[in-house]
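Engineer: Right, I'll just put the structure down here and ask away after.
The values are calculated or read from the model by the stated rules, or taken from the named source; none is laboratory data. Since we're looking at a predicted model, the values are computed, not measured. Cβ coordinates were reconstructed from backbone atoms using ideal geometry, including for glycine residues, and neighbour counts include every protein chain displayed.
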Amino acid sequence: MATPTSSSPRRPSSLQADAALQKPQVNLVDLRALEYVDSYDHNLMCAICHSPFVNPVRLECEHVFCQRCVNDAMSHQDRDSRVYSITCPSCRRRIENRAITPVPKILNHILDDLCVKCPLEYLGCPEVKARGDIQDHVNKYCAYAEVKCPSESCLLTVLRKDLDEQRCLHSVMKCEDCESSFMERDLEIHRSRHCEVGKASCPDCNAQVLLRDLVGHIECCPDATFPCNAAEYGCDFVARRETLNEHLKTCPLAKFVPFLRMQNERLEAHEAALKHLRHRNSILETSFSTIQETLSPSTNLIDSPSSSAAGSDTGPFDSTAHHLLCLHESLREEVNRVSAAVSEVDAKASMMVMNESLRIKEDLSHANAAIGNMRMQLHWLMSARLQNQQRVAMIRAQSSGDGLGSSTDAGGSNRSVELPVRRLSDSTRQDTKL
Amino acid sequence: MGAKVPRNFRLLEELEKGEKGRGAEACSYGLSDGDDLLMSNWNGTILGPPHSAHENRIYSLNIHCGENYPDSPPTVQFVSKINLPCVDQRTGKVEPSRLPCLFQWKRENTMETILIELRRFMALPQHKKLPQPAEGTTFT
Amino acid sequence: MSALPKRIVKETERLMAEPVPGISAVPHEDNLRYFDVMIHGPSQSPYESGVFKLELFLPDDYPMTPPKIRFLTKIYHPNIDKLGRICLDVLKSNWSPALQIRTILLSIQALLGAPNPDDPLANDVAQRWKEDEQAAIQTAREWTRQYAMA
């Protein structure tokens, strides 16, 4: 095919290739130029660049824009006016504080999750990635990204997918047909798509066709032979295009092709459904058998007569399944009944407790009232007694010595003041006594 | 390379520049018909450069901007009589082949470029001595 | 020619996919920043049932600077001059990068429905509008019939 005319010293070493892998060329992906796969919420769109936010920031008025868009807008407003403050592009509110605040993390996460096509799609990369991972993808994994040539002496780049060759693909080769020179990496593309001289013979008509037209030629070559449309259903007719068209008009099998195809599709669909059902059935059967195993001792005890009756009536599989279902049903009923009873009992008990506690509360308040009553009576008695004692003491003092007028004066004033004070102190003392 | 400004908006820009009188070097220009939405016909004036035969003279010109302006140059024609190598002495038409800025026309050139170049042309030493027709006469 | 910014591509796509009723904007094939615009005169206005041609150009630093717009159909309006230039605040000092072609064209359509002779561009028209509004409206109607109806 092609012969290397000059080969640069190539030293294929895996080490080199690894180094190239680890030190990828940093091409910053322009997130605005990406093609977004799904439609996204229009609220995620920056009002200035009309793309989903890139490094979003928030202004004082809580409007969000890309950092770069805000910077651009600010610098333009600065150019047009001499005022320091700027206005928000969305609401025209005056922004005094130029410090822009970051947005909540969640917004960044949502933006990073948007799916985009690889920016190297035009070279053939089919990948679709989350936007947050696309830079990584291009830098480290994308098969169509340019990386350094594995050859130490070569300064050119190759696509990452060609690294596996482990050698320099930049040696200049000559196209053996048109004599023009290409680097090895481009030669194949040249020969299959662009070369104007290289020829190949058509496998059917033996005509010499340009290599780049071969695929197109085979599609419309008059000598190419094709099998009958119904080949897969048993027609072994093979002929050239025109004869085939004739044959197709008469071939009974070919007429049935659409119908057969439809039947096949239906069959496949049914088989798939059947497979699915079988799988489910087996799961159900195993679960039944485990249930049966756990229950079998108790069933034997509880209603062995009924189960044996059922067993004698119908086939073995039917009886066990039926029996099991009955059992299951009765158990469920039992559980329902029990739970109903439990809740009833619970309600009754709580009602009783409530009634009881109400009555006790009433009693308590009666007792409290009685105690209060008694306390008042006690007060009254105590104060009456004290007054009596004082009166007696005074009468005694008067009768024993009338000479000390000043002392009686003091005593009188004392008494008038003392009475309420006493009472107070009495009441406190009573509390401590009780 | 940026956006390619279409003809009409380019002419509006030039009109604004001409109206504001920001044009330099004693050249002025404006629309000859203010109602013409196509803005095809313009008037230009050049004040003759000092220390030349043209000193203190005012030359008026007609400029016609065709549909392909500014991709192709406008046609320029003197109204006032003038004797210059690049001017057809019968019609007053400026020969594109003899004025560099018309000959090597670039999209960035404007009508002002042409007027300034014509004025510079008048002031060239080799053109200083050319005998000039009487002031105030016009091509017919 | 530098690549067209994504924003302009998106705006154009949307103008095509979801056109505004009574307004159309189609970019030139050889200059995607240059649009042919048609605006229908709003009903209940002297421009009713007229179809007005405009041209619109997105300059280099759009959307940081406003689009340039001009009427190509003659129109009698106090805020539009003889060369079709429009006096509208959002096209000048009040431009914001959050505005877009769609909103600007709607503003122009609204301006047709609500002329503002106190902020004139065409002085004689504004004067007449203030002195004798009925006559001015009549002239606007005649011009519409004469120039804006095919």
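Engineer: Examine the range A:145-168 for a residue that is crowded, with 19+ Cβ neighbours inside 10 Å, within 30 Å of A:Pro56 (Cβ to Cβ) and at pLDDT 75 or above, and state whether such a residue exists.
Structural biologist: Among the residues of the range A:145-168, at least one is crowded, with 19+ Cβ neighbours inside 10 Å, within 30 Å of A:Pro56 (Cβ to Cβ) and at pLDDT 75 or above, which makes the answer yes.
Engineer: Here is a further query. Quick one: would you say A:Ser153 is out of contact with any helix residue (DSSP H, G or I) (no Cβ under 9 Å at 6 or more places or on another chain), part of a loop (DSSP other than H, G, I, E, B), within 14 Å of chain C (Cβ to nearest Cβ) and in contact (Cβ under 8 Å) with a residue 12 or more places away in the chain?
Structural biologist: In short, no.
Engineer: Based on what the data block shows, is B:Val76 touching a Leu at 6+ places or on another chain (Cβ under 7 Å), without any contact (Cβ under 8 Å) to a residue 60 or more places away in the chain and away from every other protein chain (no Cβ under 14 Å)? Spell out how you get there, then give the answer.
Structural biologist: Details: touching a Leu at 6+ places or on another chain (Cβ under 7 Å): yes; without any contact (Cβ under 8 Å) to a residue 60 or more places away in the chain: yes; away from every other protein chain (no Cβ under 14 Å): yes.
Yes, satisfied.
Engineer: Take the residues of the range A:231-261 that are in contact with a helix residue (DSSP H, G or I) (Cβ under 8 Å, 6 or more places away or on another chain) and over 23 Å from A:Glu219 (Cβ atoms): which is modelled with the highest pLDDT?
Structural biologist: A:Leu260
Engineer: Inside the range A:121-175, can you point out the residues that are of a type in the set (Phe, Trp, Tyr) and under 15 Å from A:Glu188 (Cβ atoms)? Step through it out loud before you land on a result.
Structural biologist: So in the range A:121-175, the residues of a type in the set (Phe, Trp, Tyr) come out as A:122, A:141, A:144.
Answer for the range A:121-175, where residues must be of a type in the set (Phe, Trp, Tyr) and under 15 Å from A:Glu188 (Cβ atoms): there is none.
Engineer: Somewhere in the range B:100-111, is a residue out of contact with any His (no Cβ under 9 Å at 6 or more places or on another chain), β-branched (Val, Ile, Thr), exposed (fewer than 14 other Cβ atoms within 10 Å of the Cβ) and away from chain C (no Cβ under 14 Å)?
Structural biologist: Within the range B:100-111, not a single residue is out of contact with any His (no Cβ under 9 Å at 6 or more places or on another chain), β-branched (Val, Ile, Thr), exposed (fewer than 14 other Cβ atoms within 10 Å of the Cβ) and away from chain C (no Cβ under 14 Å).
Engineer: If you scan the range B:53-72, which residues turn out to be surrounded by fewer than 19 Cβ atoms within 10 Å (Cβ to Cβ) and hydroxyl-bearing (Ser, Thr, Tyr)?
Structural biologist: B:Ser60, B:Ser72
Engineer: Continuing with this model, one more query. Residues that are polar (S, T, N, Q), closer than 30 Å to A:Tyr36 by Cβ and either in a helix (DSSP H, G or I) or in contact with a Pro (Cβ under 9 Å, 6 or more places away or on another chain) (or both): does the range A:128-146 have at least one?
Structural biologist: So far as the range A:128-146 goes, yes, one or more of its residues are polar (S, T, N, Q), closer than 30 Å to A:Tyr36 by Cβ and either in a helix (DSSP H, G or I) or in contact with a Pro (Cβ under 9 Å, 6 or more places away or on another chain) (or both).
Engineer: What residue, among those in the range C:51-108 that are part of a loop (DSSP other than H, G, I, E, B), touching a residue at least 60 places away in the same chain (Cβ under 8 Å) and of a type outside the set (D, E, K, R), is surrounded by the fewest Cβ atoms within 10 Å (Cβ to Cβ)?
Structural biologist: Kept after step one, since they are part of a loop (DSSP other than H, G, I, E, B), are these residues of the range C:51-108: C:58-67, C:72-76, C:78-79, C:81-84, C:87-88, C:92-100.
Retained after the next criterion (residues that are touching a residue at least 60 places away in the same chain (Cβ under 8 Å)): C:73-76, C:100.
Then drop every residue that is not of a type outside the set (D, E, K, R), which leaves C:73, C:75-76, C:100.
Details: C:Thr73: 18, C:Ile75: 26, C:Tyr76: 23, C:Gln100: 22.
Filtering the range C:51-108 for residues that are part of a loop (DSSP other than H, G, I, E, B), touching a residue at least 60 places away in the same chain (Cβ under 8 Å) and of a type outside the set (D, E, K, R), the one surrounded by the fewest Cβ atoms within 10 Å (Cβ to Cβ) comes out as C:Thr73.
Engineer: Residue under question is B:Pro6, and the condition is that it be touching a Phe, Trp or Tyr at 6+ places or on another chain (Cβ under 8 Å) and under 26 Å from C:Tyr62 (Cα atoms); does it hold?
Structural biologist: yes
Rundown of residues vs (1) within 17 Å of C:Gln100 (Cα to Cα); (2) at pLDDT below 90, yes/no style:
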site	(1), (2)
A:Asn27	no, yes
A:Leu34	no, yes
A:Asp41	no, yes
A:Pro52	yes, no
A:Pro56	no, no
A:Glu60	no, yes
A:Val70	yes, yes
A:Ala73	yes, yes
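Engineer: Then there is this: What's the total number of residues in the range C:12-50 that are buried (at least 20 other Cβ atoms within 10 Å of the Cβ), within 30 Å of A:Asp30 (Cβ to Cβ) and either hydroxyl-bearing (Ser, Thr, Tyr) or within 9 Å of another protein chain (Cβ to nearest Cβ) (or both)?
Structural biologist: Summing the residues that are buried (at least 20 other Cβ atoms within 10 Å of the Cβ), within 30 Å of A:Asp30 (Cβ to Cβ) and either hydroxyl-bearing (Ser, Thr, Tyr) or within 9 Å of another protein chain (Cβ to nearest Cβ) (or both) in the range C:12-50 gives 2.
Engineer: Give B:Leu84, B:Leu11, B:Leu37 a once-over and let me know the one that is within 13 Å of chain C (Cβ to nearest Cβ), assigned to a loop (DSSP other than H, G, I, E, B) and surrounded by 15 or more Cβ atoms within 10 Å (Cβ to Cβ).
Structural biologist: B:Leu37
Engineer: Still on this model: What residue, of C:Pro21, C:Pro46, is without any contact (Cβ under 8 Å) to a residue 40 or more places away in the chain, outside any strand (DSSP E or B) and over 28 Å from A:Met74 (Cβ atoms)?
Structural biologist: It is C:Pro21.
Engineer: Any chance the range B:15-23 includes a residue that's touching a residue at least 40 places away in the same chain (Cβ under 8 Å) and within 14 Å of the chain's Cα centre (by Cα)?
Structural biologist: Yes, the range B:15-23 has at least one match.
Engineer: Now for a different question. Hey, can you tell me all the residues within the range B:93-115 that are closer than 21 Å to B:Gly18 by Cβ and either in a loop (DSSP other than H, G, I, E, B) or of a type outside the set (A, V, I, L, M, F, W, C) (or both)?
Structural biologist: Pass one, the range B:93-115, residues closer than 21 Å to B:Gly18 by Cβ: B:94, B:99, B:101-102, B:105-115.
Those that are closer than 21 Å to B:Gly18 by Cβ and either in a loop (DSSP other than H, G, I, E, B) or of a type outside the set (A, V, I, L, M, F, W, C) (or both): B:Leu99, B:Trp105, B:Lys106, B:Arg107, B:Glu108, B:Asn109, B:Thr110, B:Glu112, B:Thr113.
Engineer: Do we find a residue being touching a Cys at 6+ places or on another chain (Cβ under 8 Å), modelled with pLDDT under 95 and closer than 30 Å to A:Phe65 by Cβ anywhere in the range C:111-125?
Structural biologist: no
Engineer: May I ask you to list the residues in the range A:86-124 that are free of Cβ contacts under 8 Å to residues at least 24 places away in the same chain and over 27 Å from the mean Cα position of the chain (by Cα)?
Structural biologist: A:Ile86, A:Thr87, A:Arg92, A:Arg94, A:Ala99, A:Tyr122, A:Gly124
Engineer: Please verify whether the range C:65-86 includes one or more residues that are within 14 Å of chain A (Cβ to nearest Cβ) and closer than 25 Å to A:Met74 by Cα. Steps first, please.
Structural biologist: Taking the range C:65-86 as the starting set, the residues that turn out to be within 14 Å of chain A (Cβ to nearest Cβ) are C:65-66.
Now narrow it down to the ones that are closer than 25 Å to A:Met74 by Cα: C:65-66.
Looking through the range C:65-86, at least one residue is within 14 Å of chain A (Cβ to nearest Cβ) and closer than 25 Å to A:Met74 by Cα.
Engineer: Those residues that are surrounded by fewer than 21 Cβ atoms within 10 Å (Cβ to Cβ) and within 14 Å of chain C (Cβ to nearest Cβ), I need them from the range A:51-63; list them, please.
Structural biologist: Correct list: A:Val54, A:Cys61, A:His63.
Engineer: Condition first: free of Cβ contacts under 8 Å to residues at least 40 places away in the same chain and of a type in the set (A, V, I, L, M). Now tell me which residues in the range A:33-48 satisfy that.
Structural biologist: Hit for the range A:33-48 is A:Met45, nothing else.
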